[in-house]
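Novice: My questions will all concern the structure given below.
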Amino acid sequence: MIHTKILGTGSYVPNNIVTNQDLEKLVDTNDEWIQSRTGIVNRRVTQGENTSDLAYKAAVKALEDARITAQDIDLIVVATVTGDFPFPAVAQLLQGRLGCNIITAFDVNAACTGFIYALNVADKMIQSGAYHKALVVGAETLTKYTDFEDRNTCVLFADAAGAMVLGTSDEPHIEKILTYAKGDLEGLLSMEGYPLKVDFKTPDQKRPFIKMQGTEVFKFATTVLPEVVETLLKETNHSVDELSLIVAHQANRRIIDKSARVLKIPIEKMFMNIDQYGNTSAASVPLAIDEAIRTKRLKRGDLFITAAFGGGLTWGGAMIRY
Ligand SMILES: CC(C)(COP(=O)(O)OP(=O)(O)OC[C@H]1O[C@@H](n2cnc3c(N)ncnc32)[C@H](O)[C@@H]1OP(=O)(O)O)[C@@H](O)C(=O)NCCC(=O)NCCS
């Protein structure tokens with residue numbers, strides 16, 4: 001049987017740092033509220049770089065880390081809800097810019113769970129034997145869809161990209177991936193597209209922004225995050241003690257704290273970088289995994305769970321031996 005393995009990772013964040021104090025000047029908020037309710041101190045906001053630019057810079061680092069060239073890749077899957085254009089997809093822009101061969105390249109949309117979905121798709125395509133080396137990216141410029149007059153959302157969202165190169169292995173490294181959707185809850189977290197025109201003369205609409213029912217999303221997240229971790233442990237016959245780390249989607253420090261309490265997992269095992277980057281949607285998980293590897297919180301051979309939740313509503317997770 002063909003198994004999938006992480007060959008390398010990389011990430012990129014824009015240089016521009018936006019502090020809580022910067023946001024105090026835009027909306028009725030304050031550093032104390034943001035830190036205590038979310039754990040966020042800073043976030044990165046792109047200036048002039050679009051999603052494919054962030055994705056490209058993360059991908060180059062992941063290829064370097066994997067010690068392979070762009071021509072070795074035969075599959076690109078990008079998770080994003082903030083592509084440069086409705087089409088072409090970010091994956092196709094990336095394929096062209098990296099100078100890859102003529103290969104399969106497409107985007108997936110599962111909001112903040114997007115990277116787990118992309119990983120699932122790439123993992124299964126490699127396991128099928130049809131593909132051998134995949135570039136899987138989570139990249140977002142959420143701030144272009146954030147209403148910086150809405151204090152409920154503008155303190156949370158930010159821009160980043162993370163990338164992972166997958167290859168084949170005789171041993172099971174990606175042991176299990178679970179992905180779920182519950183579309184009847186779509187109204188809790190969404191971004192409207194442009195509405196259909198009544199006729200061709202209908203004037204252009206106001207640009208759409210992210211909308212969220214924060215408290216309901218909080219309840220959803222603190223239910224599904226512990227659930228997916230427990231299911232992964234059960235279905236792979238591992239115990240919490242065997243895990244080196246849990247790398248959860250960085251949406252809110254309190255969601256991670258509460259999940260750790262429910263799971264009775266020491267908080268030290270929950271990776272966190274939300275303080276510096278905020279919620280970067282599909283980029284959050286690969287950015288966090290890359291940072292965990294760079295800071296030696298994850299080493300070769302370590303077992304870890306990554307899990308996410310988000311718009312859709314969607315959620316999912318993976319049990320991985322790095
Ligand atoms: C958004 C979130 C931080 C709000 O925290 P909360 O403790 O639920 O706060 P509430 O929404 O109950 O709001 C409490 C008060 O703070 C206010 N408030 C909201 N945003 C604020 C801000 N940035 N600064 C100051 N006050 C704010 C609210 O207006 C409300 O005031 P009111 O009581 O006068 O109406 C929290 O619900 C959350 O993180 N939810 C999950 C969101 C998420 O992760 N989304 C992405 C998933 S991928």
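Every number here is computed from the coordinates shown, using simple stated rules; none is lab data. Note that the structure is predicted; figures quoted are calculated from it, not measured. When we count neighbours, we look across all protein chains shown, and the Cβ atoms used for this are built from the backbone with ideal geometry, even at glycine.
Novice: Under the classification rounded if a/c is under 1.5, otherwise prolate if a/b is larger than b/c and oblate if not, where does the chain fall, given a ≥ b ≥ c as square roots of the Cα gyration tensor eigenvalues? Mind showing how you got there, number by number?
Specialist: Details: a/c = 1.57, a/b = 1.17, b/c = 1.35.
Cα axes put the chain in the oblate bin.
Novice: Could you list, in their original order, any pairs among 264/299; 124/176; 269/299; 124/234; 5/258; 258/299 whose Cα atoms are separated by more than 19 Å?
Specialist: 264/299; 124/234; 5/258; 258/299
Novice: By the gyration tensor of its Cα atoms, with a ≥ b ≥ c the square roots of the eigenvalues, what is the shape of region 163-322: rounded for a/c under 1.5, prolate for a/b over b/c, or oblate?
Specialist: Prolate shape, in that a/c is at least 1.5 and a/b is the bigger ratio.
Novice: Relative contact order of region 3-172: what whole-number percent is it, with Cα pairs under 8 angstrom and at least 6 residues apart?
Specialist: It rounds to 35 percent for region 3-172.
Novice: Let me ask something additional. Test of the criteria: in region 138-225, which trypsin sites (Lys or Arg not before Pro) are in a DSSP loop and have at most 16 other Cβ atoms within 10 angstrom of their Cβ?
Specialist: Loop-located and lightly packed - 182, 197, 201, 206.
Novice: Let me ask something else. Given a cut-off of under 8 Å on Cα pairs at least six residues apart, what relative contact order in percent is computed for region 176-321?
Specialist: 37
Novice: Please label the shape of region 143-193 as rounded, prolate or oblate, based on the square roots a ≥ b ≥ c of the eigenvalues of the alpha-carbon gyration tensor (a/c under 1.5 means rounded; beyond that, a/b larger than b/c means prolate, else oblate).
Specialist: Numbers: a/c = 3.82, a/b = 1.88, b/c = 2.03.
It is oblate, given that a/c is not under 1.5 and a/b is not larger than b/c.
Novice: Among all the lysines, which ones have a C-alpha under 30 Å from residue 206's C-alpha, if same-chain residues fewer than 8 places away are not counted?
Specialist: The qualifying lysines are 25, 144, 182, 197.
Novice: Among 169, 157, 79, whose Cα sits farthest toward the positive end of the charge dipole of region 3-172 (+1 at Cβ of Lys/Arg, -1 at Cβ of Asp/Glu, about the Cα centre)?
Specialist: With unit charges placed on the Cβ atoms, the residue in question is 169.
Novice: A further question follows. Give the relative contact order (percent, whole number) for the chain; include only Cα pairs under 8 Å separated by 6+ residues.
Specialist: It rounds to 26 percent for the chain.
Novice: Under 16 Å from the 7 Å Cα→Cβ point of residue 295, by amide nitrogen: which residues of region 224-263?
Specialist: Correct set: 244-254, 256-257.
Novice: Moving to a separate point now. Name the helices (complete DSSP H segments) of the chain with a Cα length along the long axis of 30 Å or more and a Kyte-Doolittle mean of at least -1.0, or state none.
Specialist: Long hydrophobic helices here: 214-236.
Novice: Return the calculated 222 nm mean residue ellipticity for the chain, to the nearest 500 deg cm²/dmol, obtained by summing -39500 (n - 2.57) across DSSP H runs with n ≥ 4 and dividing by the residue count. Please list the in-between numbers first.
Specialist: On the way: 10 runs with 105 residues, N = 322.
-9500 deg cm²/dmol, from helical runs alone.
Novice: Shifting gears a bit: What list do you get for 227, 235 if you sort them by fewest beta carbons within 10 Å?
Specialist: 235, 227
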